[in-house]
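Here is the structure we will look at, set down as structure tokens.
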């Protein structure tokens, strides 16, 4: 299947992240923190399979908000490890629930009381994550935040993902590492969606 | 078979083996015994059916591992022989404790004192000096490479 | 969206030829530029260390440009355990070109090469193999492979973890020639039933096949201790200290584990491969092959008899960079040239291109390795729970034809349909009997019929998964062992299968399968690097595909009779 699902945004839609200030621990129990990796919507603008970061954020936030839960964005700057990013997000989340995401698209739902290397749901195969999946991930995270036990988002598998994407994933991972700012803590960010730039 | 079920000797075997003795199961079956003292040739279907054999009969003995270590040495494989000598010592250690010892050797799983105790236990409880030496060497390297557990109760990090 | 979607068109007009080329499967594969500073480079990097070694006071005090105080734990382990201190300075002083020539010169014996390689440092080994092109690497492999007779290993798994499928496919795989069969699970709790199925089915197809079940260490070791599996290989090691630690192990913990397996009489090999460190983002700026050579020497130092390498699950990484498959062939050679058994990869989905898939295997298939594939999928790839192999059941006839074309032994053979059906049915019946004997959830006659004629897991009736999982748990709780399987087979009339399994179990008492590169022949003769040493010494020597075995491999599904060209032979 090559046609993007019906929920896809208009092509070329962009997003930039405006830093608001140091990320604080949330007080609202009805929030999910979306924790973004160092290069997300910054050095990089799309996932490994060219889903625009704008679209990823739009779908995650829509999935959260359709459950009546608030999405709050932070950027983690001192690590590119998905478990660490997600766990930092969870500890700052008023509900204790976070969605962590790497620039290439790999995503995790985490909870603050779990061990760092554990998680609620992990989506390791970034080439298989499209807009519809990101929306379901947002929705599930919000349901966890409300204390519910949603059905896990169905995971997909494709044995031919390795020959096509394994090396590019490694390359993107290395680049993300380069964007780490070791001495800077997480910041609160606001997503500023813009019109598509040509090309 | 009904041959003498003597307990296996505890001293290292005196037989001098060469590569020509391999495979022992075919060329030197008379050297091979089970931990319960049966000859390997006693491991027959009749014995299985009559219930004479237990799972314990299908384990390797330290003596047999020493014989295989001789063969490894004779064929120019000193590291493999060393592995068989550690294995010979480990036959005496219960399954669960073997796994616990392995876990204790994982990075930052044990303090220096913990590894020292493990090495002592290998020597005193199981007469396992070769294994103990491996653990002591690990402790020294872990110390240098910051891979020991902190003695204080560990916090979340 | 699937990962195999075609690439987006660029918008401007393309030639018709370009359109055809764009649509070729090879263009669905991923390729990347090198980045040596980060270790995204196969084997030619300016950032790899230069070889050096210095011995003082009976120990190695300098290794590849580092002094002992600066050694990381890989350096330390390799210096303490892998390198022969007595010959290190002398061996490393030999020019690399001379050692490379020794590797391919038929008049230099394998043992004469080993006398040199036992003292080499990782950077020196790299310096040697960097001089070799892929044909020379194959020449080296032909001589340095530990066991004279090559073999192959199969994956026997089920997308539904269906034990009947695993038993029937194990029987067919064994009949076709796999010397080892490996399984793993979708639902881990199914492991005891699937491991039993593999053990029973394997012994139906051909007595003496060795089986294993890839799981986390504790369960894998426990199934082995109970005699439900015969060997283990998913014991992973890595080439940098940081990635090794990420895997929650050290060379010492893995060396301890190696001895633990041997202490229970269980054959074991480690697993490593190029690309794993850079994939995990911690290659420390070293080439993939340099790091893999450190793994090979670490395995050697641990005293483990062998290694599964050839990039394995990271094959997409070396496969995407220039010279990547040369490096993969070289890593197999390095394992063999330090006298380890080498199970040489070709075991993971590698390319969309049939041509590339075939080419990838040539450096192992043509010279022969201890196990050409460390997992040829003997089930359809959709059922392969190792995420797909480079070859699967659909490739059986191609593989057999290539063996016949080049007169090389890749471990498999063509088997007539009637023999296959008979073995599949017998395996399913034998498992049915064992399950009944052990009071496990019944296997119906319909399932036996399905197993006889099936291709994939889709062709079987659904099992009651919850009952199966309860049964699997009871296997563990009741302490069922390999001996119980023997009893069940014997008491239900499968005397020959029972005898086969008992003979395999008896092997662990002898320890013969612990020696380097050991397998069991169909006559239950342990065949290892001791009694079947590779004696290649040039044309006309070493393993030759001839005699009865060659007659077997001449057979294919369709060969026109020369006596009566209106008929086929077979």
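Just so you know, all these numbers are worked out from the coordinates, no wet-lab data involved. Here the structure is a predicted model, which is why all the values come from computation and not from measurement. Please note: Cβ atoms are built from the backbone with ideal geometry, for glycine as well, and neighbour counts cover all protein chains shown.
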*For residue C:56 and residue C:69 in one chain, what is 0.36 nm times their gap in residues minus the Cα-Cα distance, to one decimal in nm?*
3.3 nm
*Which angle between 0 and 90 degrees, to the nearest 10, do you get for helix C:495-510 versus the longest principal axis of chain C when only C-alpha atoms count?*
30
*Residues in segment C:410-435 that a label on residue C:560 would reach, taking backbone N under 17 Å of a point 7 Å out along Cα→Cβ*: none
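Please give the per residue volume of the convex hull enclosing the alpha carbon atoms of segment C:144-251, rounded to a whole number of Å³.
125
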*In nm, what is the difference between 0.36 nm times the number of residues separating residue C:359 and residue C:537 and their Cα-Cα distance?*
61.4 nm
*Helix C:251-263 versus the longest principal axis of chain C: what is the Cα-based angle in degrees, 0 to 90, to the nearest 10?*
40
*Divide the volume of the convex hull of the Cα atoms of segment C:521-570 by its number of residues and quote the answer in cubic angstrom per residue.*
119
*What ranking of C:414, A:53, C:12, C:558 emerges when the number of other C-beta atoms within 10 Å of each C-beta is taken as an exposure proxy, fewest first?*
C:12, C:558, C:414, A:53
*asked:* Springs between alpha-carbon pairs under 10 angstrom, Gaussian network model over chain A: which of A:135, A:116, A:164 fluctuates most?
replied: A:164
_Alpha-carbon Rg with Dmax, taken over chain A, Å_ = 15.5, 45
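Pop the C-beta distance of residue C:458 and residue B:113 into the FRET formula with R0 = 56 Å and round what comes out to the nearest 0.05.
Details: r = 57 Å, r/R0 = 1.02.
Calculated transfer efficiency: 0.45.
Using the Cα atoms as the points, what is the convex hull volume per residue of chain C in Å³?
On the way: hull volume 98.1 nm³, N = 570.
So the per-residue hull volume is 172 Å³.
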_FRET E, pair residue A:65, residue A:118, Förster distance 30 Å, beta-carbon r, rounded to 0.05_ = 0.65
*Please work out the C-alpha center-to-center distance from segment C:499-530 to segment A:20-87 and express it in whole Å.*
56
*Measure out, as a whole number of angstrom, how far apart the alpha-carbon centroids of segment C:324-382 and segment C:245-309 sit.*
18
*Looking at the square roots a ≥ b ≥ c of the eigenvalues of the Cα gyration tensor of segment B:28-120, which shape do they give, rounded for a/c under 1.5, prolate if a/b is larger than b/c, or oblate?*
oblate
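Is the C-alpha gyration tensor of segment A:71-167 telling us rounded, prolate or oblate? Criteria: a/c under 1.5 is rounded; beyond that, a/b larger than b/c is prolate, otherwise oblate.
Oblate is the answer for segment A:71-167, as a/c is 1.5 or above yet b/c matches or exceeds a/b.
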*Ellipsoid equivalent to segment A:124-199 - semi-axes via the Cα gyration tensor, in Å*: 25, 23, 17
_If Rh is defined by the Kirkwood formula over all Cα pairs and Rg also comes from Cα, what ratio Rg/Rh do you get for segment C:53-138?_
1.00
*For segment C:422-475, what's the radius of gyration and Dmax over Cα atoms, in angstrom?*
11.3, 31
*So what is the calculated 222 nm ellipticity per residue for the protein assembly as shown, using -39500 (n - 2.57) for each DSSP H run with n of 4 or more, over all residues, to the nearest 500 deg cm²/dmol?*
-12500 deg cm²/dmol
*Per Stokes-Einstein, at 25 °C and 0.890 mPa s, what whole-number D in µm² s⁻¹ belongs to segment C:250-405, with the Kirkwood radius over Cα pairs as the hydrodynamic radius?*
153
*Please report, to two decimal places, log10 I(q)/I(0) for segment C:465-570 at q = 0.11 Å⁻¹ as given by the Debye formula with identical point scatterers on the Cα atoms and no solvent.*
-0.70
*Relative contact order (percent, whole number), segment B:94-157, Cα cutoff 8 Å, 6+ residue spacing*: 38
*asked:* Shape verdict for segment C:7-103, please, from the Cα gyration tensor: rounded (a/c under 1.5), prolate (a/b greater than b/c) or oblate.
replied: prolate
*In degrees, nearest ten, helix C:324-337 long axis to first principal axis of chain C (Cα)*: 90
*Coarse-grained scattering of the protein assembly as shown at q = 0.06 Å⁻¹, given as base-10 log I(q)/I(0) from a Debye sum over alpha-carbon atoms*: -0.43
_R0 of 41 Å, Cβ-Cβ distance residue C:93-residue B:100: FRET efficiency to nearest 0.05_ = 0.35
_Roughly how far apart, in whole Å, are the Cα centres of segment C:430-462 and segment A:129-186?_
39
*asked:* Could you work out the percent of alpha carbon pairs in segment B:94-157 separated by over 19 Å, rounded to a whole number?
replied: 28
*Among C:314, B:131, which comes first, second and so on when ranked by fewest other beta-carbon atoms within 10 Å?*
C:314, B:131
